[in-house]
Amino acid sequence: MIDVENATFSWAPRTAAAPGTGVLDIASFHLDAGETAFLHGPSGCGKSTFLGLVAGVLQAQGGTVRVDGTDLGSLSAPARDRFRADRMGVIFQMFNLLPYLSVLDNVLLAVRFSERRHAALGAQAKDEALRLLAHLRMDAPELLAAPVARLSVGQQQRVAAARALLGRPPVVLADEPTSALDEEVKAEFIDLLLAECAEAGSTLLFVSHDPRLAGRFDRAVEFRDLAAGRAAA
Ligand SMILES: Nc1ncnc2c1ncn2[C@@H]1O[C@H](COP(=O)(O)OP(=O)(O)OP(=O)(O)O)[C@@H](O)[C@H]1O
């Protein structure tokens, strides 16, 4: 479902005075359909950049990144955006929520931007969004109607998760989605994420600094082991 071969990416310097140092060189990374992986490594090693390549938000400068059989490098930027909206649920650090829209409307964006998800859910979209939000303790009426700009970071993480899962995309990418959640909500969040992915047969790539979560996934991958010259995952 996710196949990365010899993928390279380097950031342009942020400024001459403070250059970006990130250079990514991934020899090989594969995740099968339905497989779940926990990706970890020290801060700044390139995990978010790698997720950006798999999501098609960034484009590899060399090598290939294939998702669900499609070479993302062969798609234009708008086509990559459509592909992502249709086939991937992403929970990124910046959330990409629309601040002036309510919680419910932000979750429903997933079907608004994807014909595939819209077709999958039809008239059930709102009920399904409410079901996911209820599991994440985000279904109180005053929360549902609140503009997301007024929510805490942890609440915004949960809205982003509900949006990512709506319509059961084949691939779910999560970048430190539990960093702002308390222990109880974190456990419920992981339970929901894994249960939804298992039921939908979704492939899950999950980045976190919390080693206690690693055992919940089919496999744990150390980021530096993906680098060219190291063992393939
Ligand atoms: N927008 C950007 N412009 C320039 N350099 C960047 C940019 N984003 C990240 N980098 C650089 O790329 C490298 C990898 O960053 P990345 O955010 O992928 O690491 P990470 O492993 O996800 O870190 P963390 O665990 O702290 O989130 C770092 O050296 C960082 O400075």
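Filter the chymotrypsin sites (Phe, Trp or Tyr not before Pro) in region 61-153 to those in DSSP coil with at most 10 other Cβ atoms within 10 Å of their Cβ, and list the result.
Working: sites: 83, 92, 95, 100, 113; in loops: 92, 95, 100, 113.
Passing both the DSSP loop test and the Cβ count: 100.
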**Request:** For the chain, just say rounded, prolate or oblate: build the C-alpha gyration tensor, square-root its eigenvalues into a ≥ b ≥ c, call rounded for a/c under 1.5, and beyond that prolate if a/b exceeds b/c, oblate if not.
**Result:** prolate
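Which net charge results when you count Lys and Arg as +1 and Asp and Glu as -1 among the other residues whose beta-carbon is under 11 Å from that of residue 89?
Details: positive: 84, 87, 117, 163, 168; negative: 86, 196.
Here the count lands on +3.
Quick one: grab the alpha carbon gyration tensor of region 82-127, order the square roots of its eigenvalues as a ≥ b ≥ c, and give me rounded if a/c is under 1.5, else prolate or oblate depending on whether a/b is larger than b/c. Intermediate values should be presented prior to the final figure.
Working: a/c = 2.35, a/b = 1.22, b/c = 1.93.
Oblate, because a/c is 1.5 or more while a/b does not exceed b/c.
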**Message:** Explain nothing, just the number: dipole magnitude of region 48-203 about its Cα centre with +1 on each Lys and Arg Cβ and -1 on each Asp and Glu Cβ, in debye rounded to the nearest 20.
**Reply:** 520 debye
**Complete:** The answer for the longest stretch of the chain without any exposed trypsin sites (Lys or Arg not before Pro) (DSSP loop, at most 15 further Cβ atoms within 10 Å) is 15-136
**Request:** Along Cα→Cβ, 7 Å out, is where each label goes; now give me the distance between the ones at residue 70 and residue 199 in nm to one decimal.
**Result:** 2.6 nm
**Nearest 10 degrees, 0 to 90: helix 153-165 Cα axis against the chain principal axis** = 90 degrees
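With the contact rule set at Cα under 8 Å and sequence spacing of 6 or more, what percent relative contact order holds for the chain?
Details: 437 pairs, mean separation 68.5, N = 233.
Relative CO of the chain lands at 29 percent.
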**Item:** In sequence order, calculated HN-Hα J values of region 202-213 (Karplus, 6.51, -1.76, 1.60; Hz; x Gly/Pro)
**Value:** 6, 8, 10, 10, 10, 9, 7, 8, 8, x, 5, 7
**Request:** Could you check the simple spin-label distance between residue 33 and residue 112, using points 7 Å along Cα→Cβ, in nm with one decimal?
**Result:** 3.2 nm
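FYI, it's all coordinate maths here, none of it is from the lab. Since the model is a prediction, treat every value here as computed from it, not as a measurement. Note that each Cβ is placed from the backbone with ideal geometry, even for glycine, and that neighbours are counted across all protein chains shown.
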